[in-house]
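Since the structure comes first, as structure tokens, the remarks are kept for the end.
What follows draws every value from the coordinates through simple rules; no lab data is involved. Remember, predicted model here, so these are calculated numbers, not experimental data. All Cβ positions, even for glycine, are placed from backbone atoms using ideal geometry, and neighbour counts span all protein chains on display.
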């Protein structure tokens, strides 16, 4: 199996190091900028992994999960009308940055396996932290965003199978073997 996490790890390192080298940013600004970059980088890397794996079915599943997550997040922002901790507007609940990051991480997890999603989950956790640290959201907002992101990919993504599978079929009146090999 190929390693889609390599794409994500490289993307996280590049986006983080580019933002850390900014001389004019304060520490709080840098955390917020890295979090914002990761909120885009993680789902982009998840989407890119479908090309790396030549996984057209996974790409379609990513589209559905991403769209469902974005729609649910925006619908809740409009319906709940919760003020941000910094008072900027009334679109605090749920955190869209966090929902995007966790949707990408959860897609990698569900489609390709937990071991490949570890860097994405760490990055998504940082996104959630950065949103609270920037006073854009409170903990409830980022937890709801994370739950939406995980739910959308968990419900709309199936496990990637790239090899032959053999299964036994046992019933009281039938015994058999099924061989599955994707073409």
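Sorting 82, 56 by the number of Cβ atoms found within 10 Å of their own Cβ, with the fewest placed first, yields 56, 82.
Centre-to-centre separation between the Cα atoms of region 25-50 and those of region 61-107: 15 Å.
By definition, a body whose alpha carbon gyration tensor gives a ≥ b ≥ c is oblate when a/c is 1.5 or more and a/b is not larger than b/c, and region 25-94 fits this oblate description.
When you count the other C-beta atoms within 10 angstrom of each residue and take the mean per peptide, 151-160, 94-103, 71-80 line up highest first as 94-103, 151-160, 71-80. At the listed q of 0.15, 0.18, 0.19, 0.20 Å⁻¹, the Debye profile of region 64-183, built from one uniform point per Cα, gives log10 I(q)/I(0) equal to -0.69, -0.87, -0.93, -1.00.
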